[in-house]
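One structure is given below, encoded as structure tokens.
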Amino acid sequence: MAKLVGSFAAGHAPNVARLWDSMAFESREWLTTHYDEMGRRLKALDPDVLIIHSTDHWVNFFLDNIPAFCVGIGDEHGGPPEPFMKPVFPYESLSGHPDLARHIVEFALNADFDPSYSMKLKLDHGMCVPVWRMDLKPMPAIVPVFMNLVEKPFPTPKRCLAWGHMLRDAIEAYPDDLRVVVLGTGGLSHSIGETTMGWVDEPFDLACIELFKSASDEKFADDLSKMLEKTGNGGAELRAWIVAHAVAGSQGFDLIGYTPMPDMLIGCGVAEWRIAA
Amino acid sequence: MATDYWLNKLLFDLQGPEGKSRWAPENREGTLEAYPVSSEIRQALLDDDYEYLYPMTNPYLMRFFLLICGHDDKKSIEILSSINVNEEKVHG
């Protein structure tokens, strides 16, 4: 049977790639130290598959059709199309795990979720910045799950918690022996293309970190729903962290690091969850 | 919020490899021919009237649009912060 062996989350600011060679020394040091540590921990788990949750940044979907959740079931996925990713990201494409991905879709539908799925997805900076910085070698197969976190309405925090719990059940119901790690990317607070662009809401970030440490699912969903209404639009990406939290069993986490990073336009967090039995 | 399909479709399409040249000043009018936006939106696009466009535009696409118009993060923040709008009403 497949087994969840790890759950992580990290920010994915495009400026990490765009400004890598020109950013302040302190920023590059912080990012190097903390993403290296996450990569070290993840590599030690020797995963066969990495299930990544992130928003799509207007790469795969437009207003013609925006799924709340879309699971990538392709044999392979396209690499990031953004010009600023080309010089840093070493892969034109990344291998998928279509059998596990199809299993997740089918399991979700039988559990009263309604995800879409796609055989042809491009993985933008949202998924590829953390993967790049962790320098995973060999690269595990990737099952991407895009969540709509760029154009309202979004899936609720409560629904994202439920999706994470369902995903754990789906992984454990998969018949083959696979070591699976879940990675949620995005956040913490940021404001993009709004009148408040550049705002890093540190009190919001610290309050979220406290919720991840010990809040019950009910309190978590209630508090976060209210908090998200009062921070920048990038805070919506906390929903990818919620999936990482719930898939691990909502039993607290180890914050690898957090720092407000105005030059990256985000409050940058990196975390690993304890996997509850 | 993305309330105007064709305005946001234009910005979405400009993300492609030819986006910067398609939105160069000498090519804007020709590029706009493929997008049936209102005359007011068309004029705002030609005039770089970001304040007019802002309430109808997805913020992530607006951020990208400012970049393709030649504005770095610092200038984009300056432009956006000068827009007088009820943020809650616009972006919920």
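Points worth noting:
- Total residues in the range B:39-60, condition farther than 23 Å from residue A:66 by Cβ and touching a residue at least 12 places away in the same chain (Cβ under 8 Å): 7
- Here is the figure for the range A:186-216: residues that are within 12 Å of chain B (Cβ to nearest Cβ) and farther than 17 Å from residue A:258 by Cβ total 8.
- Tally, over the range A:92-110, of residues that are touching a Pro at 6+ places or on another chain (Cβ under 9 Å), aliphatic (A, V, I, L, M) and in contact (Cβ under 8 Å) with a residue 60 or more places away in the chain: 2
- Considering the conditions (1) farther than 27 Å from residue A:67 by Cβ; (2) modelled with pLDDT under 95; (3) among the small types (Gly, Ala, Ser), residue A:187 is excluded by exactly one of them, (1).
- Only residues that are part of a loop (DSSP other than H, G, I, E, B) and of a type outside the set (Asp, Glu) were counted in the range A:220-241, giving 3.
- Flag for residue A:277 being on the phi < 0 side of the Ramachandran plot and surrounded by fewer than 23 Cβ atoms within 10 Å (Cβ to Cβ): yes
- Among the candidates B:67, B:53, B:45, residue that is within 25 Å of residue A:264 (Cα to Cα) and either in a helix (DSSP H, G or I) or of a type in the set (Asp, Glu) (or both): B:67
- Members of the range B:2-27 found to be free of Cβ contacts under 8 Å to residues at least 40 places away in the same chain, under 12 Å from the mean Cα position of the chain (by Cα) and more than 11 Å from chain A (Cβ to nearest Cβ), listed by number: B:10
- For the range A:94-114, the tally of residues that are surrounded by fewer than 17 Cβ atoms within 10 Å (Cβ to Cβ) and part of a loop (DSSP other than H, G, I, E, B) stands at 3.
- With respect to (1) in contact with a strand residue (DSSP E or B) (Cβ under 8 Å, 6 or more places away or on another chain); (2) surrounded by fewer than 18 Cβ atoms within 10 Å (Cβ to Cβ); (3) more than 14 Å from every other protein chain (Cβ to nearest Cβ); (4) within 17 Å of residue A:126 (Cβ to Cβ), the lone exception for residue A:91 is condition (1).
- Those strands (runs of 3 or more DSSP E) lying entirely in the range A:10-91 with at least 1 residues touching a residue at least 60 places away in the same chain (Cβ under 8 Å), under 14 Å from the mean Cα position of the chain (by Cα) and closer than 30 Å to residue B:68 by Cβ: A:49-55, A:69-72
- Residues of the range A:219-239 satisfying the condition of being of a type in the set (Asp, Glu) and surrounded by 23 or more Cβ atoms within 10 Å (Cβ to Cβ): A:237
- Where strands (runs of 3 or more DSSP E) sit wholly within the range A:115-194, those with at least 1 residues that are more than 19 Å from residue A:73 (Cβ to Cβ) occupy A:179-185.
- Flag if residue B:31 is more than 24 Å from residue A:124 (Cα to Cα), polar (S, T, N, Q), in contact (Cβ under 8 Å) with a residue 12 or more places away in the chain and outside any loop (DSSP other than H, G, I, E, B): yes
- One residue stands out among those in the range B:74-92 that are modelled with pLDDT of 95 or more and in a helix (DSSP H, G or I): the one that is surrounded by the most Cβ atoms within 10 Å (Cβ to Cβ), which is B:80.
- Given (1) closer than 21 Å to residue A:59 by Cβ; (2) surrounded by fewer than 16 Cβ atoms within 10 Å (Cβ to Cβ); (3) modelled with pLDDT of 95 or more, index of the condition residue B:9 fails: (2)
- Filter pass, residue B:57 being within 21 Å of residue A:59 (Cα to Cα), among the hydroxyl-bearing types (Ser, Thr, Tyr) and surrounded by 19 or more Cβ atoms within 10 Å (Cβ to Cβ): yes
- Those residues of the range B:61-79 which are at the interface with chain A (Cβ under 10 Å from one of its Cβ atoms) and either under 14 Å from residue B:45 (Cα atoms) or in contact (Cβ under 8 Å) with a residue 24 or more places away in the chain (or both), in sequence order: B:61, B:62, B:64, B:65, B:66, B:79
The values are calculated or read from the model by the stated rules, or taken from the named source; none is laboratory data. In this text the structure is predicted, and so the values were computed from the model without any measurement. Note: ideal-geometry Cβ built from the backbone for every residue, glycine included; neighbour counts use all protein chains shown.
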